[in-house]
Every structure is written in structure tokens, then in C-alpha cells.
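Visitor: One structure follows; several queries about it will come next.
Readers should treat all values here as calculations from the given coordinates under stated rules, not as data from a laboratory. A quick note: this is a predicted structure, and the numbers were derived from the prediction, not measured. Here the Cβ positions follow ideal geometry from the backbone for every residue, glycine too, while neighbour counts run over all protein chains shown.
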Protein chains: 2
Amino acid sequence: MTHPRTLSDIPTPALIVDVPAMERNIRRMAEFFAAGACRLRPHFKAHKTLEIARRQLAAGSCTGLTCATVAEAEAASDFCDDILIANQVIGPDKTARVAALAKRTDVKIAADSVYGLEEMAAAAQRAGVTVGIVIDVNVGMPRCGVAPGEEALALARRAAGLSGLRLRGVMGYEGHVVAIEDRGEREARARKAMERLLTSAQMMREAGLACDIVSAGGTGTYDITGRVEGVTEVQAGSYVLMDTAYAKLDIPFEKAFSVLGTVLSRPAPGLCVTDSGHKACTQDHGNPAVKDAPGASVLFLSDEHASIAIPPDSPVRPGDRIQLWPSHTDPTINLHDVLYALEGETVVGVWPVTARGYAEQRHG
Amino acid sequence: MTHPRTLSDIPTPALIVDVPAMERNIRRMAEFFAAGACRLRPHFKAHKTLEIARRQLAAGSCTGLTCATVAEAEAASDFCDDILIANQVIGPDKTARVAALAKRTDVKIAADSVYGLEEMAAAAQRAGVTVGIVIDVNVGMPRCGVAPGEEALALARRAAGLSGLRLRGVMGYEGHVVAIEDRGEREARARKAMERLLTSAQMMREAGLACDIVSAGGTGTYDITGRVEGVTEVQAGSYVLMDTAYAKLDIPFEKAFSVLGTVLSRPAPGLCVTDSGHKACTQDHGNPAVKDAPGASVLFLSDEHASIAIPPDSPVRPGDRIQLWPSHTDPTINLHDVLYALEGETVVGVWPVTARGYAEQRHG
């Protein structure tokens, strides 16, 4: 693969990373966690890129990595020996792959059902390994998770009693809270969510069950949840590159990536159209922002076009380049095969998005 | 690559294609165009999959393929010798690649600016080839396209005067019309859009300029635009697999693909959660529908989860499989590396989504 050397050589549309800004984000987060008892477990799903995950771990203050899928854990296991799949793992193919992973890394999965525990235990027994279990507790978001308290305790007892499993603790993602802009409300609701999680952890310990992991949090709550006594690790991911949704919050991270596009058309004085549509930049958290272009805003995205309102006297013309700042990091990166790493206008690396898509589709 | 043999072996999330339904869609569309003077130019961007494009061309009544990107045209050129890139091609890397393509296939690009014409002409001259040009006329959608009438004529004159280019005609996509549910309104507005296009074509011919291609239309207007006298080809794409947005219209195509997911969790009586989130199924045209499950509906999609409301007495449990019917074909397919082709529950093929993403990122 021949690499472009400068920003102007990069074929569009493309994702570009401002490496110094990214490094500052990584350092700020590591410093926050160096100062307390809680650790960081960066979420690999945000970027799926080994070059970034390695830098996050190298900065220190980390327990290991969080992953959303088995394929992400497989990719991360090449350089990380402590992985939490913060998601239910269901299906014989998936549990067998987790069991295979357990031979070479300390892997833990989330579970919220007896079905999930028994399926994982069976696969672990067949492979002759032990897989870590964290009980996924619903702390308020209508998604996965067992009810806190007695139900969580009952499931933990079941996990502790199954051969092939090792109960490690609890997790609970306050995803319904992480994007609340008002800090007071975000803090109050995050603390309430953590009470549900910590109550469950306490009940497990009182029952004589292991609970050394209490995992929670995200980029929007890292400095709230990460200072609640008893929470042992925070699963933040988006802080490393940042998007417009998280930029609305009062958190000290910089925008460190954008979608580079080429202007295809200037069909009217107040309009230009670039090649960075929603196949290059998702809109699930709203339209992207136009970077460094006062008075410009995205009107709408089509598959292969961004229609952008610009001041009528703008000199923009076909062939110019415009950067968009995505509203949601994770799914936007998942559209691309590589990230172009930049220092200023120099391309210092072309980083494969190794765990993009569903690796099952590439390997059989 | 070892292929799964039956539906139940397919790792999830995954896109599955009902091949007999797809074949019926292809046949119905080919029969419509066999009956008139207008031809079909199926849009490759909808699926980016060679196995499907080959079947569309083999069914007859086609001029060739429509593509949205140079990379799609490169992939399609292996088996198709008549390609229209229905989009502006801007940038020295892209125009050089089109010029290279012109050595082995009859390739045409859309143009709506002098800049675009001159850049393409320069690349064609360097390569010693001739590239076809269709003037992209704005027929009412606020995206690319030169104004109809005098402006279109002036640009056509410019194209005709540039060495390395061969003026072939006009195109105009009535994208603002294709999704209008009321047939009367859709028909009236499509006809009005086509008047703009045909007026421009007529002015070109009266000026002694070539205009043998008049390209327009989509799945929502194929039987309106495709019967307007003077339109020579229709660029429909979604008809082949269909999505919930187009299914609202009175058009005779069947749903022929879906997102297969596994139930991860049944956290409450009225709720289940599958592994088919918006990294597997886009929501830019709204939430997907739940296939063959009366009373079930998607509440929201997260990156890796679909939270689905179900009847409280539903027997659904972890490990079960649920199919979602996407709201938008093109970007959903673009998330996946392969399509699993099914006849009944038998996997008859695993089709690479060859032109997924941006091939520039894979080739340098």
C-alpha cells in the first residue's frame, strides 16, 4: 500500500486523525485516573483501531480493554491480556470463540441470564478453560441487564456454581445519563445509577461471592462515576477522538478526528456539495458540523453527498476540501477501512480499522 | 472461507438475501422495460455486489450499469462495458482513474461545472483516451446539477469543445420526488422534473450537440419516468432488494433482504435485545421493521443492540433469532462485507460486497 504523504494527497472521503490532539486526550484521561483508586478500561469499540488502543494502554492507569464484540476481543488479544467483553455473548459459535480466547488472555464477559451463563459454561468446559463473568446489572437504561439487588444476586450465585466460569464482579452502563448536558442532573443521575450497581455488589460480597470488578461509566460520566467509591473501572471510549455530541458537555477533550471531503459542486451561491455523505459519516446523533468554516452548516447528507449551506460570497469551488466533524464517533469510524494519522498536514501513519464490521464475515 | 450451510449456521449480525424474491424483482423490472423504448441502467451503489449486478444485466432490457463512485465503476468494469458514473468526478486521482477505465470500457461521468469538465479533459488527454460526458441538470433537488435550459446548454457546448471528452447527453435525478407516497403527486412532480431535463436535451440538439442519453429516475418513479417520451434510461437500484421506505409505495417489488440477529437478552416481559444494532442496520430512513413478528417493533438501535418491544407473553428468549427489515437498502449493505444468499433456509452463496466502503483506502 502506497501511503499519501500529506493532507492534500489523501483520497476522499477519508477519516483523518489529529495525532497530537488525540495524544493530549489520552494523556488527560490517564492523568485523571492516575490520581484516584479507580482505573480506566478504554472501550475498543469506539475506534476498533490497534494503533490507538496500544497508545491508550501505554499511557497507563488502565486495567485492560473493554470490547463490545468477540471479534473485537480477538483483535485486541494480540497485545492486551485483560479484556472485558461488556456485552452478552450468545450463540455456540461466539461462546466457543471466547473459550478459545481464554487460553491466551484473561477474558471476561457480561451476563444477564441463566441461558447466557449455561451456554458459556458449556463452551468453557468443552475447551477446558475458565471464563470470567461479570453480572450485567440494569442501572436504568432500557437495554440489557438483570434487575439490581436480589435478581443480580441470584444470577451471581448461579455463575459461582457453574464449572468453567469464574465470577469476577458486576457492570452497569449508565448510557441513559452520559449525554445529559446539565452537569448537576448528569451527576445526580449517574450517582443514582451507581447506587444500584454498588448495592448489588455489596449483596454479592455479603453472600460470600467474589466481586473484585465494578465496571461502569463512559466519556460523559468518567469524572463522576470514576470518583464514586467502590467503582473500580470506567469504560470510556469516545474521549480519545471526540464527536459533536460529547463536545456539548463540560469535559476537557479536544476534537481529534474529522471526515475529509472534496467539493464536487457549487450549484448555487449559498450551496456546495461534497463527497462526504452518510456512507462516510453517520448522522445517528444528528448532522455533522463543518470544521473551521464560520457560517457553514450541513443541510442534509445523502449516500454519497453532503449538501452544505455556505455564505453566498464564499470562494468555495469544486476541488476544494472541507472537513466535517461527526456527531457520533463509533459508527462513523466503522464505515472506514483506515484512519489517516496526521501531524499538521503530514501523514504519519495509515492505521487499519482492524475490527471494522463483523470479522465473522471475513473469516468464514 | 468455510460457508455456513443453513440459516441457523450464519454468524450474526448478518445480511441475508431471499434469492427467489430477488430474482422475481429483477424479472419484474426487466419485463417492464422490455415493453417500452426506455431501458434500465441498474444502480450498482444500492448493493455494491457483483453477483447481483450480473443477474440484473443478464435479465435484459439494460443499457449497462449506473455507479456512484469511481471505485464502484472499477469493480463493475470486470463484467460491464457500459458504465455511467452518475456523479461529479473531482480530484486528480479520481479523474486519472476514470481515464484508465476508459481504456477498457465505455465510461461516462456526470458534470455540472467547467472545473469538472476541464479536469476530466486534462486527465483524458494525458491518458490518450476519450471519456463520455452527461450534463448533470438540476431537476428540483437541492444537490448537484446545473440549472436547466441556457446554463445546461452552455456547459454542454463547453464539453463538446474539449479534447478528450465526448458529449453524450444529460441526466437529472428527481430524488426529491421518488419517495412521495401519493401516486398522483409523485407522478405530477416527476413529470415536471422530466420537462426540465427534456427541455435541456432539446436545446442541445437544436444547437447541433449530441444528446443520445437522457438518464433519470429511481425505484419510486421507474414506471413514471420510464414512460416519459424522450427519457432513454432509468437509474433504479433499490427495487432489487427493497426496504421499508420504498415498500410504502405502490410498486410491485418484494422485500428480499433482512438483517439476521440473535437475541442476547430478555430483560423484561415486554422487551428483548438483539445484536443487530446500527452498526449492522442503518436508521437514516427510520427504525427497521421486525419481520414476521406481529406486535413487535424496534424501540431504538444502539451501536451493537436493537431494543425491541414484544408482547409480554412472547416466548422469545436468548439464543432465538430475529430478522429486521431495513429502512434504507444502500447504507445498510455498505456496513457488511458479505451477503448470505438463501433459498429457503439453505445458504446457496456468500456474496462479497465487493465495492463496500472506499476502495481507495484498501489499495493505497
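Visitor: On the first, second and third principal axes, largest extent first, how far apart are the outermost C-alpha atoms of the protein assembly as shown in Å?
Guide: So the extents along the principal axes, rounded to whole Å, are 90, 54, 42.
Visitor: Charges on Cβ only, +1 for Lys and Arg, -1 for Asp and Glu, centred on the Cα centroid of the stretch A:241-364; of A:Ser307, A:Leu342, A:Ile322, which one is farthest towards the dipole's positive end?
Guide: A:Ser307
Visitor: May I ask you to sort B:Leu101, B:Leu339 by Cβ crowding, counting other Cβ atoms within 10 Å and putting the fewest first? Please report the intermediate quantities before stating the final value.
Guide: On the way: B:Leu101 22, B:Leu339 26.
In increasing order of surrounding Cβ atoms, one gets B:Leu101, B:Leu339.
Visitor: Please give the direction-averaged projected area of the C-alpha convex hull for the stretch B:9-146, in square nanometres with one decimal.
Guide: Taking the Cα atoms of the stretch B:9-146, their convex hull projects to 10.6 nm² on average.
Visitor: What number in nm² do you get for chain A if you take the convex hull of its Cα atoms and divide its surface by four? Don't skip to the end; give the middle numbers.
Guide: On the way: hull surface 73.8 nm².
So the mean shadow area of the Cα hull is 18.5 nm².
Visitor: Using Cα atoms only, what is the angle between the long axis of helix A:150-160 and the major principal axis of chain A, expressed in degrees (0 to 90) to the nearest 10?
Guide: Its long axis makes an angle of about 80 degrees.
Visitor: Using alpha carbon centroids, what distance separates the stretch B:257-295 and the stretch B:91-157, in Å?
Guide: When both Cα centres are located, 42 Å separates them.
Visitor: List the residues of the stretch A:1-43 whose backbone N lies under 20 Å from a point placed 7 Å from the Cα of A:Arg227 along the Cα-to-Cβ direction.
Guide: A:25-41
Visitor: Can you find, among A:Gly357, B:Ala160, A:Ala75, the residue sitting farthest towards the positive end of the charge dipole of the protein assembly as shown, where Lys and Arg contribute +1 and Asp and Glu -1 at Cβ?
Guide: The residue sitting most towards the positive pole is A:Ala75.
Visitor: Next question, about the same structure. Can you flag which of A:Lys103/B:Lys279; B:Lys94/B:Lys192; B:Lys48/B:Lys291; A:Lys48/A:Lys291; A:Lys48/A:Lys103; B:Lys45/B:Lys103 are past 27 Å Cα-Cα? Working shown, then result.
Guide: Numbers: A:Lys103/B:Lys279 29 Å; B:Lys94/B:Lys192 33 Å; B:Lys48/B:Lys291 24 Å; A:Lys48/A:Lys291 24 Å; A:Lys48/A:Lys103 22 Å; B:Lys45/B:Lys103 23 Å.
Over 27 Å Cα-Cα: A:Lys103/B:Lys279; B:Lys94/B:Lys192.
Visitor: Give the share of C-alpha pairs in each 5 angstrom bin for the stretch B:64-231, from 0 to the last occupied bin, in whole percents, shortest bins first.
Guide: Answer for the stretch B:64-231: a P(r) of 1, 10, 19, 21, 19, 15, 9, 4, 1, 0 percent.
Visitor: Another one. Would you please give the residues with an amide H less than 5 Å from that of B:Leu339, counting only those at least 5 places away or on a separate chain, with H modeled from the backbone geometry?
Guide: B:Trp351, B:Val353
Visitor: Based on other C-beta atoms within 10 Å, arrange A:Asp136, A:Asp337 from fewest to most.
Guide: By the 10 Å Cβ count, ascending: A:Asp337, A:Asp136.
Visitor: How do A:Val338, B:Val350, A:Val259 line up, fewest other C-beta atoms within 10 Å first?
Guide: The most exposed by this proxy come first: B:Val350, A:Val338, A:Val259.
Visitor: With the Cα gyration tensor of the stretch B:206-364 giving a ≥ b ≥ c as the square roots of its eigenvalues, does the rule (a/c under 1.5 for rounded; else a/b larger than b/c for prolate; else oblate) give rounded, prolate or oblate?
Guide: prolate
Visitor: Return the distance in nm (one decimal) between the two label points of a simple spin-label model at B:Asp320 and A:Val348, each offset 7 Å from Cα along Cα→Cβ.
Guide: Placing both labels 7 Å along Cα→Cβ, they lie 5.2 nm apart.
Visitor: Give me the angle, in degrees from 0 to 90, between the Cα long axis of helix B:183-206 and the longest principal axis of the Cα atoms of chain B, rounded to the nearest 10.
Guide: 30
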